[in-house]
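Q: Got a structure here, written out as C-alpha cells. Questions coming.
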Amino acid sequence: IPGSYLDAPAGVAASASSTTSATINWSAAAGATSYQIYRSSLNGPFALVGASATPTYNDTPLTANTTYLYKVRAVSGAVVSPLSAVDATTTTVFTNDPLTAGVVVKAAHVIELRNGVK
C-alpha cells in the first residue's frame, strides 16, 4: 500500500542543555508529519515523553547527574516508523568546564566524571 511505511528517523543526537533539560535532534523522515520521542533512564523501560512536529525536541524537567537514553519514531496519520537508534546524554555539571591544562584534579572532578558515565 503506497504511503503505508515510514523510515525510522536517522541521526538522533541528544545533548544536555542544562542539568534539568536535554535537546534531541534528528534528521527529518520523508513523509513524516510528526515525531514521538521516547526516553529511558536508570535501566528503566523506554516511555513516550513527548511529540514534535519538527525534528527537534526539548525534554524537561530532568534530574541532574542522570544519564538519559532517547529513541524517536516518525508518524504520519496511523502509520508509524520503527524506532530510531538510541542516543544518550548525561545531565552532569562539571566544576571546570572545559578542563584545561594546569587544573589540579580534585575529588569533585572524579565524582562528576563518575556521574557522567553512569
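Q: Output the residues belonging to the stretch 1-17 that are open to solvent by 70 Å² or more (accessible area, probe 1.4 Å) and aliphatic (A, V, I, L, M).
A: Of everything in the stretch 1-17, just one residue is open to solvent by 70 Å² or more (accessible area, probe 1.4 Å) and aliphatic (A, V, I, L, M), namely Ile1.
Q: In addition: For Asn25, all conditions in the list (1) farther than 30 Å from Val110 by Cβ; (2) outside any strand (DSSP E or B); (3) open to solvent by 50 Å² or more (accessible area, probe 1.4 Å); (4) not hydroxyl-bearing (Ser, Thr, Tyr) hold save one; what is the number of the exception?
A: Every condition holds for Asn25 apart from (2).
Q: Mind listing whichever residues of the stretch 30-66 are of a type in the set (Val, Ile, Thr), assigned to a strand (DSSP E or B) and either surrounded by fewer than 18 Cβ atoms within 10 Å (Cβ to Cβ) or touching a His at 6+ places or on another chain (Cβ under 6 Å) (or both)? Step through it out loud before you land on a result.
A: Going residue by residue through the stretch 30-66, those that are of a type in the set (Val, Ile, Thr) are 33, 37, 49, 54, 56, 60, 63, 66.
Next, from what is left, pick out any that are assigned to a strand (DSSP E or B): 37, 49, 56.
Answer for the stretch 30-66, where residues must be of a type in the set (Val, Ile, Thr), assigned to a strand (DSSP E or B) and either surrounded by fewer than 18 Cβ atoms within 10 Å (Cβ to Cβ) or touching a His at 6+ places or on another chain (Cβ under 6 Å) (or both): Val49, Thr56.
Q: A follow-up question, please. Taking Ala14, is it outside any loop (DSSP other than H, G, I, E, B), in contact (Cβ under 8 Å) with a residue 24 or more places away in the chain and over 11 Å from Arg73 (Cβ atoms)? Write out each step before concluding.
A: On the way: outside any loop (DSSP other than H, G, I, E, B): yes; in contact (Cβ under 8 Å) with a residue 24 or more places away in the chain: yes; over 11 Å from Arg73 (Cβ atoms): yes.
Criteria met by Ala14.
Q: Taking the conditions exactly as written (open to solvent by 50 Å² or more (accessible area, probe 1.4 Å), touching a strand residue (DSSP E or B) at 6+ places or on another chain (Cβ under 9 Å) and either closer than 13 Å to Thr91 by Cα or not aliphatic (A, V, I, L, M) (or both)), does Thr20 satisfy them or not?
A: Details: open to solvent by 50 Å² or more (accessible area, probe 1.4 Å): yes; touching a strand residue (DSSP E or B) at 6+ places or on another chain (Cβ under 9 Å): no; either closer than 13 Å to Thr91 by Cα or not aliphatic (A, V, I, L, M) (or both): yes.
Taking the combined requirement at face value, the residue does not satisfy it.
The values are calculated or read from the model by the stated rules, or taken from the named source; none is laboratory data. In this text, all values refer to a predicted model and were calculated from it rather than measured experimentally. A quick note on method: Cβ atoms are made from the backbone with ideal geometry, for glycine too, and the neighbour counts reach across all protein chains shown. We work out accessible area using only protein heavy atoms, side chains counted, and drop any ligands, DNA or RNA first. Shrake-Rupley method; radii C 1.70, N 1.55, O 1.52, S 1.80 Å.
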